[in-house]
Amino acid sequence: MYVTLDEYRAYAIEHGYEVPEDDQEVSVQLVRASQFIDSKEAQLIGRRTDRDQQHAYPRDGLRIDGFTYDSEEIPSLVKNCQMELALEINSGIDLYAPSDVLPVVKERVEGAVEVGYASPAKVEAKRRESTAMNMLRRLMRAPSMSIPIVRV
């Protein structure tokens, strides 16, 4: 985890949210949030400082918004991202659920075949653009079509 229970509780209060009083439940939210950040490690800026470290941060070669970070430093953006993700978990959001699933539309003609298909025309803007996901995008490398080559 990147933050303490007390830091998370203070952040939640500061931003007008309530979190459970049960330390175990809050701890689970923070662990799940840090695991979600870690699941994006292949896309994160920089590289692990130690091959045996438990989480994706701290990182070497980390530069965010024009600022360089030491290899022992965990940026406040990472901590805030973890807390925002934990708040989403607290509110019942499944971080791993696809955000742009199209609903299935069915048509039935009596005496004929029933057909089901996804209809983008019937979808309202459902893409999840949360504070947490915006923070996470700032921690990630810009998408590219190139493949990094490493000499051994």
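The values are calculated or read from the model by the stated rules, or taken from the named source; none is laboratory data. All values reported here derive from a predicted model rather than from experimental measurement. As a convention, Cβ positions derive from the backbone with ideal geometry for all residues, glycine included, and neighbour counts pool all protein chains shown.
Does residue 100 qualify as being at pLDDT below 70 and more than 22 Å from residue 6 (Cα to Cα)? Yes; evaluated as a whole, the condition is true for this residue. If you go through segment 19-53 and pick out every residue that is surrounded by 13 or more Cβ atoms within 10 Å (Cβ to Cβ), small (Gly, Ala, Ser) and assigned to a helix (DSSP H, G or I), you end up with 3. Counting only residues that are without any contact (Cβ under 8 Å) to a residue 24 or more places away in the chain and touching a Lys or Arg at 6+ places or on another chain (Cβ under 8 Å), segment 42-53 holds 4 of them.
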